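K.L.:
Can you keep this structure in mind? I'll have questions shortly.
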Amino acid sequence: MSTRLVNLVADAADPAASGHWWAEALGWEVTFETRHEVAVEPPAPGGLGIPLVFVPVADTKTVPNRVHLDLASPSAAAQAALVARLLDLGATPTDIGQGQVSWTVLADPEGNEFCVLSPR
C-alpha cells in the first residue's frame, strides 16, 4: 500500500519568522499560523510544491541539515536574479563543502541550507 507525502516539516527557533521568510522567498502564502506551527503553501490550490510547516525547537542548529530544499531556475539569468533577491531578503552564502558547482548554496536566516539550482 502506498501513501502520499503531504508536508515537509522544518524545526525553527522562530516558526513565525521562518514561515514568513520562506513565504516571501517562494512567493507562497502563509495558510495556517499558531505559536506552535506555521504552514506555507503554493498560492493556487493544488499548485506545484509541497507545503512547508515550521515548528518550534529549543535547541540551536549546530550541523548542516541532512535534508535541504532545492529551488529551480529556468535560466542562468533567472538563477542570478533569484540568488540576488534571496540575499536581499536575508539569505547568506554558505559553504557545506560543495566545491565548484553550478548551483548556489545559501542559508535562510536561521542557518538552514538550501540550493538555487542551475537550469536543468
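The values are calculated or read from the model by the stated rules, or taken from the named source; none is laboratory data. The model shown is predicted, which means the values in this text are computed figures rather than measured ones. Neighbour counts run over all protein chains shown; Cβ positions are idealised from the backbone, glycine included. We work out accessible area using only protein heavy atoms, side chains counted, and drop any ligands, DNA or RNA first. Shrake-Rupley method; radii C 1.70, N 1.55, O 1.52, S 1.80 Å.
K.L.:
Determine, for each peptide in 71-78, 35-42, 113-120, the mean count of other beta carbons within 10 angstrom over its residues, then list the peptides with the highest first.
P.N.:
Per-residue mean Cβ counts within 10 Å order the peptides as 35-42, 113-120, 71-78.
K.L.:
Given H placed 1.01 Å from N in the peptide plane, which residues other than close sequence neighbours of Lys61 have an amide H under 5 Å from its amide H?
P.N.:
none
K.L.:
Now for a different question. Where in segment 7-39 is the amide nitrogen less than 15 Å from a point lying 7 Å along the Cα-to-Cβ axis of Leu48?
P.N.:
26-28
K.L.:
Relative contact order of the chain, please, whole-number percent, based on alpha carbon pairs below 8 angstrom and at least 6 residues apart. Each step should come with its number before you reach the end.
P.N.:
Details: 203 pairs, mean separation 27.7, N = 120.
Relative contact order, the chain: 23 percent.
K.L.:
What percentage of the solvent-accessible surface of the chain, computed with a 1.4 Å probe over protein heavy atoms, is contributed by carbon and sulfur atoms?
P.N.:
57 percent
K.L.:
HN-Hα J couplings of segment 59-67 from phi, Karplus 6.51/-1.76/1.60, θ = phi - 60°, integer Hz, Gly and Pro as x?
P.N.:
7, 8, 6, 10, 10, x, 5, 7, 10
K.L.:
So what's the back-of-envelope 222 nm ellipticity for the chain, counting only DSSP H runs of four-plus at -39500 (n - 2.57) apiece and dividing by all residues, rounded to 500?
P.N.:
-7000 deg cm²/dmol
K.L.:
Follow-up. How many percent of DSSP beta bridges within the chain run antiparallel, rounded to 5?
P.N.:
Once the DSSP bridges in the chain are tallied, antiparallel ones form about 65 percent.
K.L.:
Might you tell me the accessible area per residue for the chain, computed with a 1.4 Å probe and given in Å²?
P.N.:
Counting only protein heavy atoms, the per-residue value for the chain is 63 Å².
K.L.:
Treat the chain as a sphere of radius equal to its Kirkwood radius over Cα pairs and apply Stokes-Einstein at 25 °C in a medium of 0.890 mPa s; give the translational diffusion coefficient in µm²/s, rounded to a whole number. Mind showing how you got there, number by number?
P.N.:
Details: Rh = 15.2 Å.
Reported coefficient: 162 µm²/s.
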